[in-house]
Amino acid sequence: MDNRPIGVFDSGLGGLTVVKELAAALPNESIVYFGDTARVPYGTRSRETIIKYALQDARFLISQNIKAIVVACGTVSSIALFPLQNAYKIPIIGVVDATATAAAAVTVNKKVGILGTTGTIKSGSFEKMLYRIDNKIKAVPKACPMFVPLVENGFAQSDAAHFIANEYLADLKQEGVDTIILGCTHYPLLKGLISDIMGEGVRLVDSAEPTAKYIAELLAERDILSNQGAKYSYYVSDAAGDFAKFARLFLGVKIPVDNVSEIDIEMY
Ligand code: DGL
């Protein structure tokens with residue numbers, strides 16, 4: 001038993017999609033969330049910058065006396081997971097392994113589309129993991145840099161989003177994928193749109209649920225589950241008010257602005 005919280009971080013708000021599933025899978029676990037709202041987006045940045053930011057984000061969470069870290073961000077999980085695991089002793093998990101495993105388990109025709117930020121797709125992270133699980137799987141990766149700004153600006157259901165998604169999904173359609181990995185925190189909010197374009201038969205696998213299941217298993221295995229009621233604390237590096245205002249979009253429930261604190265991430 002270990003009643004310390006789980007730390008979760010992301011480049012901004014998007015990681016709240018993972019918090020939502022963590023809360024469902026692990027109702028007794030407290031969570032300290034950090035969203036790096038001063039430096040978002042990560043998806044278009046260099047590898048060196050992403051690693052530097054990720055190490056600072058984790059250092060801040062560790063200062064909050066957490067027992068494990070969930071890297072909710074697809075980009076950080078793809079690029080900086082090993083540097084993080086090398087730097088810190090506590091268990092640190094990303095979203096790639098659990099999500100790729102879930103996708104490999106449901107594909108029937110072994111053609112799996114992968115959607116992510118430019119950084120995630122460039123890293124080949126999901127592709128490599130799928131290949132490791134089953135080398136007969138053909139991965140069809142596609143970077144979708146416009147998806148994050150569309151979601152963040154409330155255009156997820158718009159004609160503009162439909163037009164752009166049609167472009168991004170054309171190759172996946174052409175290849176006949178039967179499963180798509182939504183390899184970015186924001187893409188669960190585009191599920192309806194992606195399903196409309198790809199058709200109901202194509203399975204969409206997002207990172208949140210498989211990752212929550214994976215950390216639940218890991219905590220149980222190591223005997224470090226909590227037996228106390230859950231408490232949630234939110235920290236950001238800028239604009240706490242905006243974070244509280246838009247959190248509902250990703251989390252499904254409101255976060256009172258008093259529960260969100262601003263920190264200077266450059267101090268870590
Ligand atoms: N959180 C990022 C991810 O899941 C998306 C937003 C960003 O580019 O920072 O890859």
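Just so you know, all these numbers are worked out from the coordinates, no wet-lab data involved. Worth saying up front: this structure is predicted, and the values here are computed from it rather than measured. Note that we place each Cβ from the backbone using ideal geometry, even for glycine, and neighbour counts take in every protein chain shown.
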* To do: Apply the Debye scattering formula to the range 119-268, with a single equal point scatterer on each alpha-carbon and no solvent, then give log10 I(q)/I(0) at q = 0.18 Å⁻¹.
  => -1.23
* Most fluctuating residue of ASP196, ASP36, ASP178 in a GNM of the chain with Cα springs under 10 Å: which is it? -> ASP196
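Largest first and in whole Å, give the semi-axes of the range 88-132's equivalent ellipsoid, each being the square root of 5 times a Cα gyration tensor eigenvalue.
Here the semi-axes work out to 21, 14, 8 Å.
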* Extent along principal axes [Cα atoms of the range 1-86; Å; largest to smallest] -> 38, 25, 21
* Relative packing of 80-91, 107-118, 240-251, which averages over residues the other C-beta atoms within 10 Å, highest first -> 107-118, 240-251, 80-91
* Asked: For SER30, which sequence-distant residues (separation of 5 or more, or a different chain) have an amide H within less than 5 Å of its own amide H, given hydrogens modelled in the peptide plane?
  -> ILE6, LYS231
* Please report how far the C-alpha centroid of the range 184-216 lies from that of the range 9-86, rounded to the nearest whole angstrom. => 19
* Would you grab the residues whose amide H sits under 5 Å from the one on SER226? Only those 5+ places off in sequence or on another chain, please, with H modelled 1.01 Å from N. => ASP2
* Any chance you could get the radius of gyration and Dmax over the Cα atoms of the range 217-267, in Å? => 14.6, 38
* Structure fact -> Counting sequence-distant residues (5 or more places) and residues on other chains, those with an amide H built under 5 Å from that of ILE181 are GLY113, ILE114, LEU115, VAL205
* **Once the Cα gyration tensor of the chain is diagonalised, semi-axes √(5λ) in Å** => 28, 21, 17
* Asked: Rounded to the nearest 0.05, what FRET efficiency do GLU266 and LYS191 have when you use their Cβ-Cβ distance and R0 = 30 Å?
  -> 0.25
* Asked: So, by mean Cβ neighbours within 10 angstrom, what's the order for 185-191, 7-13, 42-48 with the highest one leading?
  -> 7-13, 185-191, 42-48
* To do: Please work out how much length the chain gains when fully extended from ASP159 to GLN64, using 0.36 nm per residue of separation minus the C-alpha to C-alpha distance, in nm with one decimal.
  => 29.9 nm
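To the nearest 20 debye, what charge dipole does the range 150-256 have about its Cα centre, counting +1 at the Cβ of each Lys and Arg and -1 at the Cβ of each Asp and Glu? Write out the running numbers ahead of the final one.
Details: 9 positive and 15 negative charges, 106 e Å.
Once rounded to the nearest 20, the dipole reads 500 debye.
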* If you place +1 on the Cβ of every Lys and Arg and -1 on the Cβ of every Asp and Glu, how big does the dipole about the Cα centre of the range 96-224 come out, in debye to the nearest 20? -> 420
* **Ascending count of other beta-carbon atoms within 10 Å, so fewest first, for ASP223, ASP238** => ASP223, ASP238
* Give or take rounding to whole Å, what are the principal axis extents of the alpha carbon atoms in the range 150-209, in descending order? -> 31, 27, 16
* To do: Return, ordered by residue number, the residues of the range 206-223 whose backbone nitrogen is under 20 Å from a label point located 7 Å along Cα→Cβ of ALA24.
  => 206-220
* To do: With only alpha-carbon atoms counted, please give the Rg and Dmax of the range 63-171, in Å.
  => 15.9, 47
